[in-house]
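Read-outs: derived from the displayed coordinates by stated rules, not from any lab. Since we're looking at a predicted model, the values are computed, not measured. Note that we place each Cβ from the backbone using ideal geometry, even for glycine, and neighbour counts take in every protein chain shown.
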Amino acid sequence: MLKESTEKTSVAFSDEEVVCRDTKRIKENENEIVKGSLQMMRIPQLRVYDVDTSGEFSLKLHHIKFTISKRKPRSLHKYLILEPFSFITDAVREHYKDMRKKQTIKHVTHCAEKYNLMKTKMSPWAVELMETFVDISDPDINLPQVTHLLQTAESIRAEGLPDWFQLVGFIHDLGKMMYLKGCDADGSSLQSQWSIVGDTFVIGAPLPATNPEFNALNHDNDLDVYPDGVGLTNVHIAYGHDEYLYQVLAQAQGVTLPAEALFAIRFHSLYPWHTHGEYSRLEDSTDRALKNWVLLLNQHDLYSKDKADYTDTKKQELLCYYRGLVEKYLPAELLW
């Protein structure tokens, strides 16, 4: 979401003050920094490492300046690695403005009726069609989506996680292929992607605090139409590639991926829920039981991004491995 610079600054972190100079001083722990101080924008480059250094770094975020500093030198402690960013690009800002304004109950219903009606037979290996798709909402990587899918899957594989979850990493963004039958008016084309990509949100419930300047644009979110415990499968969520791919797989015969896989795919862009703790009152027992799979996918989805592409030889080697997983868990053809 945020444009990254090439400079990296290491700053210490442990029992220190985070100073929001425009408002107040607050003390945070590791989790609260992400959930609290920096909640206005998801920062994929936020990482914790063990290093032996110290320093101070200021971050401008939505016109608010944060300073994180270490006052007592301490070697080999946990340090927060922040990669400096400039302000978000105009394209990203306009993308999220369009999402907030145009993702209404009427729009989501229209998309479900149009895009969830699968007609075109294609091999699951249509992943190759993703070579031309660049996610305009994500400045963390401007390489083809196939590279991102391989990076995510390889990160999961490196941790020795089950091969079905490796496949989830490899296919989790394949729903972006909905651009093949999309249009500008629906926000589902290469040029207009506000109904393909971006952090999603529940429609018909109060909006989270992220991007607050856009919240007033969507009056469907002045409503609160869902009872407690209704379950995320029973609410309207901004339509995008998550739901599209979920529908492709759920409607297909011969898909042998477990329920955990389909759930992680369906909700991996719902950051206000799985990362920021919003919408908890809407959860049912299934949502709570499977949430950790979404978080695990999210970890590998965000932190595996690398600006360097694979060599052609390495890419073909990896694609050969994942072709085997596609054949193991998916039918020869899917309806798209």
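State to the nearest 20 debye the size of the charge dipole of the stretch 90-335 about its Cα centre, where the only charges are +1 on K and R beta carbons and -1 on D and E beta carbons.
The dipole magnitude comes to about 400 debye.
Ranked highest first by average number of other Cβ atoms within 10 Å, how do 144-151, 318-325 line up?
Peptide ranking by packing, descending: 144-151, 318-325.
What residues qualify as long-range amide H neighbours of residue 334, i.e. H under 5 Å apart, gap of 5 or more or another chain, H built at 1.01 Å from N?
Those qualifying (amide H under 5 Å, at least 5 residues apart or on another chain) are 122, 123.
Apply 1/(1 + (r/R0)^6) to the Cβ-Cβ distance of residue 234 and residue 185, taking R0 = 35 Å, and write down the FRET efficiency to the nearest 0.05. Write down the numbers at each step before the final one.
Numbers: r = 28 Å, r/R0 = 0.79.
Rounded to the nearest 0.05, the efficiency is 0.80.
Based on the Cβ-Cβ distance of residue 316 and residue 253, what FRET efficiency does E = 1/(1 + (r/R0)^6) give at R0 = 22 Å, to the nearest 0.05?
The calculated FRET efficiency here is 0.15.
Using packing as a proxy for protection, rank 124-137, 220-233 so that the peptide with the highest average count of other Cβ atoms within 10 Å comes first. Numbers along the way, then the final one.
Numbers: 124-137: 17.1, 220-233: 14.0.
Going from most to least packed, we get 124-137, 220-233.
Summing Lys, Arg as +1 and Asp, Glu as -1, what charge do residues with Cβ under 10 Å from the Cβ of residue 163 carry, residue 163 excluded?
+2
Given 97/291; 119/181; 119/176; 181/328; 291/328; 121/181, which pairs have Cα atoms separated by over 18 Å?
On the way: 97/291 28 Å; 119/181 11 Å; 119/176 16 Å; 181/328 28 Å; 291/328 25 Å; 121/181 13 Å.
Correct reply: 97/291; 181/328; 291/328.
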